[in-house]
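The values are calculated or read from the model by the stated rules, or taken from the named source; none is laboratory data. Because the structure is a prediction, the values reported are computed rather than measured. Cβ coordinates were reconstructed from backbone atoms using ideal geometry, including for glycine residues, and neighbour counts include every protein chain displayed. SASA here: full protein model, heavy atoms, side chains in, ligands and nucleic acids out. Shrake-Rupley method; radii C 1.70, N 1.55, O 1.52, S 1.80 Å.
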Amino acid sequence: MGSCEEQAERISATARAGRLTIATAESLTGGRISTVLGAASASSEWYRGSIVAYASSVKHGLLQVPDGPVVSEPSARAMATTVAELLGADLAVAVTGVGGPGPQDGQPPGTVWFGIFTGGDTRTELRHFDGEPGEVVEATTAHALFLLDDALRRVTQALT
């Protein structure tokens, strides 16, 4: 079992123990995060689902991303907050970025914004990953799972 799958199993165990639900909003990763979480143990108990919004118009319309570049902090924030609301999840992770090979929204390949929604609050993080588009997607997926696992642990510690 690879590291993403192992991370998803930890997320599953923590979410079930805390009776918490999770949703995802993905652009750059095209559903990869959802695929990994959906394959984890008892995912139907804690995984609410995902919105994969590749087109900018879908991000603006469905996920309430404000006008402007979609590879941005406001975009990641809106995606995480809105998907949690739409799917009724306690926590959510969102990713928007540039896989490459060329730039997008004036951002170089490997630029990724993450949004993490927990307990009514959304925080964001900017990362830059090296490599070909597939490598950027895998690095983004792994980091999104790490952020989700970390947020889950923080929430469950606060509940105890």
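Which number in (1) modelled with pLDDT of 95 or more; (2) buried (at least 23 other Cβ atoms within 10 Å of the Cβ) marks the one condition that residue 99 misses? Of the numbered conditions (1) modelled with pLDDT of 95 or more; (2) buried (at least 23 other Cβ atoms within 10 Å of the Cβ), the odd one out for residue 99 is (1).
Do we have residue 54 as out of contact with any Leu (no Cβ under 6 Å at 6 or more places or on another chain), aromatic (Phe, Trp, Tyr) and open to solvent by 20 Å² or more (accessible area, probe 1.4 Å) here? In short, yes.
For (1) open to solvent by 50 Å² or more (accessible area, probe 1.4 Å); (2) assigned to a loop (DSSP other than H, G, I, E, B), each residue gets a yes or a no:
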| residue | (1), (2) |
| --- | --- |
| 6 | yes, no |
| 9 | yes, no |
| 14 | no, no |
| 25 | no, no |
| 28 | no, yes |
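Going by the conditions given, is residue 118 open to solvent by 20 Å² or more (accessible area, probe 1.4 Å), in contact with a helix residue (DSSP H, G or I) (Cβ under 6 Å, 6 or more places away or on another chain) and either in contact (Cβ under 8 Å) with a residue 12 or more places away in the chain or small (Gly, Ala, Ser) (or both)? Working first, answer last.
Working: open to solvent by 20 Å² or more (accessible area, probe 1.4 Å): yes; in contact with a helix residue (DSSP H, G or I) (Cβ under 6 Å, 6 or more places away or on another chain): yes; either in contact (Cβ under 8 Å) with a residue 12 or more places away in the chain or small (Gly, Ala, Ser) (or both): yes.
Yes.
The single condition among (1) touching a Ser or Thr at 6+ places or on another chain (Cβ under 7 Å); (2) over 23 Å from residue 11 (Cα atoms) that residue 103 does not meet is (1).
Can you name the residue in region 121-160 that is acidic (Asp, Glu) and under 19 Å from residue 28 (Cα atoms) and, of all such residues, is least open to solvent (accessible area, probe 1.4 Å)? Walk me through it before giving the result.
Residues of region 121-160 that are acidic (Asp, Glu), as a first pass: 121, 125, 130, 132, 135, 138, 149-150.
Those still in the list that are under 19 Å from residue 28 (Cα atoms) too: 125, 130, 132, 135, 138.
Working: 125: 47, 130: 142, 132: 124, 135: 105, 138: 77 Å².
Filtering first and then ranking leaves 125.
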